[in-house]
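Notes follow once the structure below has been shown.
Every read-out reported here was derived from the displayed coordinates using simple, explicitly stated rules and does not represent laboratory data. Just so it is clear, the model here is predicted, and its values are computed rather than measured. Note: ideal-geometry Cβ built from the backbone for every residue, glycine included; neighbour counts use all protein chains shown.
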Amino acid sequence: MPIGAIIAIVVVVVIVLIIAIIAGTYNSLVRTNERVEEAWSDITVQLKYRADLIPNVVETVKGYAKHEKETFEMVTAARSAAMGAKTVKAAAEAEGEMQAALSKIFAIAEAYPELKANENFKTLQGQLQDVEDKIQAARRFYNSGCKELNAKIKTFPTNIINNMVGHFKKRDYFEVSEAEKAKIDNAPEVKF
């Protein structure tokens, strides 16, 4: 076999190998990005479900604690902020406000034994606890996906492929701010 044919075969093999690496790397970025999108979708579904439960909780508590207008307004404002959040950062801020508001409303419920015994309130409380657990799980899944995507975008050779296509951007983690964590941490302890 002539040396020119061997060189041509080696060049073709190298080109095919490079194309395969580029395609595999790009497809890996696409899969990771889609996983992050799916995780964000899961979070928004759970946040919407919780937001839909909030008016029922407020109405149930209002029947027992009519003079707690400020707390009800806080919950309503937190719900509106959560529903209007368009970015991960805005959703995280709204999440912190919602946690603080819900802590206050459940603290009110602690002062009314007949409210704590109300079956409707117990059902709503159970549903809220369930959705909170789902939000936390979805948030962990989302943040895990963000970590993986952000790492891929920064590491070799994926960073080169991403710079060539310029399609994938660093994702923000869904974290509650330190100020909101302090509000939650300082909320009254509620035991049911």
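Couple of notes before you dig in:
- Residue (of MET98, ASN162, GLY4) at the positive-pole extreme of the range 3-185, dipole from beta-carbon charges: GLY4
- Full extension of the chain segment joining ALA107 with GLU175 gains 22.1 nm, where the gain is 0.36 nm per residue of separation less the Cα-Cα distance.
- Cβ charges +1 (Lys, Arg) and -1 (Asp, Glu), total dipole of the chain, debye: 600
- Ranking TYR49, ILE21, LEU149 by Cα position along the charge dipole of the chain, where only Lys, Arg, Asp and Glu carry charges on their C-beta atoms, puts ILE21 farthest toward the positive end.
- Here percent of Cα pairs over 26 Å apart was calculated from the structure, and among (1) 53; (2) 49; (3) 36 it sits at label (2).
- The chain: calculated mean residue ellipticity at 222 nm from DSSP helix runs of at least 4, using -39500 (n - 2.57): -28500 deg cm²/dmol
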